[in-house]
Amino acid sequence: MDDAPVIKFTNVEQTFGRDDGTSVTALDNLNFEVGKNEFVAVLGPSGCGKSTLLRLIAGLVFPTGGRVDIHGYPVTEPRDEIGIVFQRPTLLPWFDVLGNVTFPFRHKHGRVTEAEKTRARELLRLVGLEQFVNAQIDQLSGGMQQRVAIARALLLDPDILLMDEPFSALDALTRDEMSFELLRIWSERPKTVLFITHSIPEAVLLADRIVVMTARPGAVREILDVPLPRPRSLETLSDPAFHVLANHIRGRLFSRQAA
């Protein structure tokens, strides 16, 4: 990991106004960094501002206090070097799988070249969907649809991949499968990843470091290194260090201080 952070939050505050004239503070004095090609997971109680911090990095909202930097420069607008995978795949039913993956080029340039289609097919091979290039979206399972969304997010070869609980809508078995699939994709095409999740085992399995947040207004409660060797596999789930770390995080999240 390079010394210079790719993403940096410095004393970030985010307050939203309400229709009744009151306001709510989602984030307060948030400070942490993410290094190049590092996989960082963010855990915290519901409503603590996890999704808000992704929107700040993506340039979809701007902090009411403090600063969010990418490569040392403040975020002032959405950037091509960022790919986003949401909780649900948000695919377009009038396009087939290939059309959905290439949509960022269509949206940006108004057309899709053969070279761009070739790259999209390569990404579909990467996520294990090479046989479904021309399939309609309603022919795919939930896990397959999320694979399409991941391929679409990788199309512009972003430096940063933001993932907002991307597997939360999947059944338990598919969720585990997708976690290992994401590890494989990340190992083959390293990216700086910020991964939001409510699942402690998912965070421990995937991440290099875990940011544990307080209840709203969200701030950093603790940042933990994950002492598990890579590559990770099913055997990782039975490693004693896995359970020690998971239990430590549970204690932090469910203690009275976290309430």
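The values are calculated or read from the model by the stated rules, or taken from the named source; none is laboratory data. If you're wondering where the values come from, they're calculated on a predicted model, not measured in any experiment. Backbone-built Cβ (ideal geometry, glycine too); neighbour counts: all protein chains shown. The accessibility values were calculated without ligands, DNA or RNA, using every heavy atom of the protein model including side chains. Shrake-Rupley method; radii C 1.70, N 1.55, O 1.52, S 1.80 Å.
Can you tell me which residues in region 132-151 are open to solvent by 10 Å² or more (accessible area, probe 1.4 Å) and either in contact (Cβ under 8 Å) with a residue 60 or more places away in the chain or of a type in the set (A, V, I, L, M) (or both)?
Hits for region 132-151 are Val133, Ala135, Ile137, Leu140, Met144.
Quick one: in region 14-29, of everything that is open to solvent by 70 Å² or more (accessible area, probe 1.4 Å) and charged (D, E, K, R), which residue is farthest from Gly59 (Cα to Cα)?
So the residue we want is Asp20.
Each row is one residue, and each column tells you yes or no for (1) open to solvent by less than 30 Å² (accessible area, probe 1.4 Å); (2) farther than 26 Å from Ala246 by Cβ; (3) outside any strand (DSSP E or B); (4) modelled with pLDDT under 90.
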| position | (1), (2), (3), (4) |
| --- | --- |
| Asp3 | no, yes, yes, yes |
| Val12 | yes, yes, no, no |
| Val42 | yes, no, no, no |
| Arg67 | no, yes, no, no |
| Lys108 | no, yes, yes, yes |
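Each row is one residue, and each column tells you yes or no for (1) in contact (Cβ under 8 Å) with a residue 40 or more places away in the chain; (2) more than 14 Å from Val40 (Cα to Cα); (3) in a helix (DSSP H, G or I).
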residue	(1), (2), (3)
Asp176	no, yes, yes
Glu181	yes, yes, yes
Ile185	yes, yes, yes
Pro190	yes, no, no
Leu194	yes, no, no
His198	yes, no, no
Ala203	yes, no, yes
Ile210	yes, no, no
Arg216	yes, yes, no
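Take region 73-85 and flag every residue that is open to solvent by less than 50 Å² (accessible area, probe 1.4 Å) and in a loop (DSSP other than H, G, I, E, B).
Those that are open to solvent by less than 50 Å² (accessible area, probe 1.4 Å) and in a loop (DSSP other than H, G, I, E, B): Val75, Glu81.
May I ask you to list the residues in region 156-198 that are crowded, with 18+ Cβ neighbours inside 10 Å, among the aliphatic types (A, V, I, L, M) and within 23 Å of His71 (Cα to Cα)?
Ile160, Leu161, Leu162, Met163, Val193, Leu194, Ile196
Taking Thr76 and the conditions (1) at pLDDT 95 or above; (2) closer than 15 Å to Val12 by Cα; (3) more than 17 Å from the chain's Cα centre (by Cα), which numbered condition does it fall short on, given that it satisfies the others?
(1)
Tell me whether region 227-248 contains one or more residues that are among the β-branched types (Val, Ile, Thr) and crowded, with 20+ Cβ neighbours inside 10 Å.
So far as region 227-248 goes, no, none of its residues is among the β-branched types (Val, Ile, Thr) and crowded, with 20+ Cβ neighbours inside 10 Å.
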